[in-house]
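Asks: Sharing a structure below in structure tokens format, with a few things to ask.
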């Protein structure tokens, strides 16, 4: 592929970062017999509706416990020694930016490091590269860094592989949550977050952006955008809506 991982790494992990259109969402959802709003709900919960940070890097979370299970011998011991790997999830809090840890982990084992990260719109673990249609995690990450359309393709491929298509279409949020987030999904109310995100997006009206005004003259109003545009505009609202409740004292 043109956008190789070597090129991505040389560019400080910044790819083309192309945003998906609503047509991309519709096409991806159709491949698993679902609607785009169902897909938007999962993406709202996983990434607040965007697959990239403002600086153009793909959204990513480095998981030390996953790095640990993909290493062995001296490499595993080295990663543990420098604090990049441990056997149990939740051992230590995550930093705000996972990229410094990823780059450090790649010095130990590039493939294992990429497999230990959750990537893009739906935070797909690099371990799932084959189920998403890629031969290596390097290929998957390079494609995801290029644009959200590839992230959507990977999402529906993995959902199909996990047998979640019918649950998503039926709005069986508990089944979707268990298959996508794991057996402990109820601890962070993942299923109720999905339901709330879908309800909020399903009721959202179409919004027209303000017309652009050139210096000295007014431009013609832009056409109304599809619901996807609103989902992006309301990403902050969805994030607050689906935030976990404060822990009990």
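The values are calculated or read from the model by the stated rules, or taken from the named source; none is laboratory data. Just so we're clear, the structure is a prediction, and the values are computed from it rather than from any experiment. Every residue, glycine as well, gets a Cβ built from its backbone with ideal geometry; the counts of neighbours run over all protein chains shown.
Asks: Determine the pairs where a residue that is without any contact (Cβ under 8 Å) to a residue 24 or more places away in the chain and on the phi > 0 side of the Ramachandran plot, located within the stretch 83-111, has a partner that is surrounded by fewer than 15 Cβ atoms within 10 Å (Cβ to Cβ) and part of a loop (DSSP other than H, G, I, E, B) with Cβ atoms under 9 Å apart, the partner being 6 or more residues away or on another chain.
Replies: Note: pairs meeting the criteria are 83/92.
Asks: Right, another one. For the stretch 180-197, how many residues meet the condition of being buried (at least 19 other Cβ atoms within 10 Å of the Cβ) and within 18 Å of residue 118 (Cα to Cα)?
Replies: The qualifying residues number 4.
Asks: Suppose the filter is surrounded by 12 or more Cβ atoms within 10 Å (Cβ to Cβ), within 17 Å of the chain's Cα centre (by Cα) and in a loop (DSSP other than H, G, I, E, B); does residue 55 pass it?
Replies: When the stated conditions are applied, residue 55 does not pass them.
Asks: Can you confirm whether residue 160 is within 19 Å of residue 181 (Cα to Cα) and part of a helix (DSSP H, G or I)?
Replies: It is true that residue 160 is within 19 Å of residue 181 (Cα to Cα) and part of a helix (DSSP H, G or I).
Asks: Follow-up question, since we're still on this one. Evaluate the stretch 70-82: report whether one residue or more is touching a residue at least 40 places away in the same chain (Cβ under 8 Å) and not in a strand (DSSP E or B).
Replies: yes
Asks: Sort out which residues of the stretch 3-45 are part of a loop (DSSP other than H, G, I, E, B) and closer than 19 Å to residue 177 by Cα, and write them in order of number.
Replies: Answer for the stretch 3-45, where residues must be part of a loop (DSSP other than H, G, I, E, B) and closer than 19 Å to residue 177 by Cα: 32, 33, 34, 35.
Asks: Is at least one residue of the stretch 132-151 under 27 Å from residue 196 (Cβ atoms) and modelled with pLDDT under 95?
Replies: No, every residue in the stretch 132-151 fails to be under 27 Å from residue 196 (Cβ atoms) and modelled with pLDDT under 95.
Asks: Would you point out the residue of the stretch 130-154, among those that are in a loop (DSSP other than H, G, I, E, B) and more than 14 Å from the chain's Cα centre (by Cα), that is surrounded by the most Cβ atoms within 10 Å (Cβ to Cβ)?
Replies: Top of the filtered list is 134.
Asks: Among the residues of the stretch 60-68, are any over 21 Å from residue 184 (Cβ atoms) and surrounded by 12 or more Cβ atoms within 10 Å (Cβ to Cβ)?
Replies: yes
Asks: Among the candidates 131, 149, 165, 142, single out the residue that is under 20 Å from residue 98 (Cβ atoms), touching a residue at least 24 places away in the same chain (Cβ under 8 Å) and touching a helix residue (DSSP H, G or I) at 6+ places or on another chain (Cβ under 8 Å).
Replies: Just one listed residue meets the conditions, 142.
Asks: Is it the case that residue 109 is under 23 Å from residue 34 (Cα atoms), crowded, with 18+ Cβ neighbours inside 10 Å and in contact with a helix residue (DSSP H, G or I) (Cβ under 6 Å, 6 or more places away or on another chain)?
Replies: Judged against the criteria, residue 109 is not a match.
Asks: Restricting to the stretch 112-121, what's the tally of residues that are in a strand (DSSP E or B) and either crowded, with 24+ Cβ neighbours inside 10 Å or touching a residue at least 60 places away in the same chain (Cβ under 8 Å) (or both)?
Replies: Selection size over the stretch 112-121: 2.
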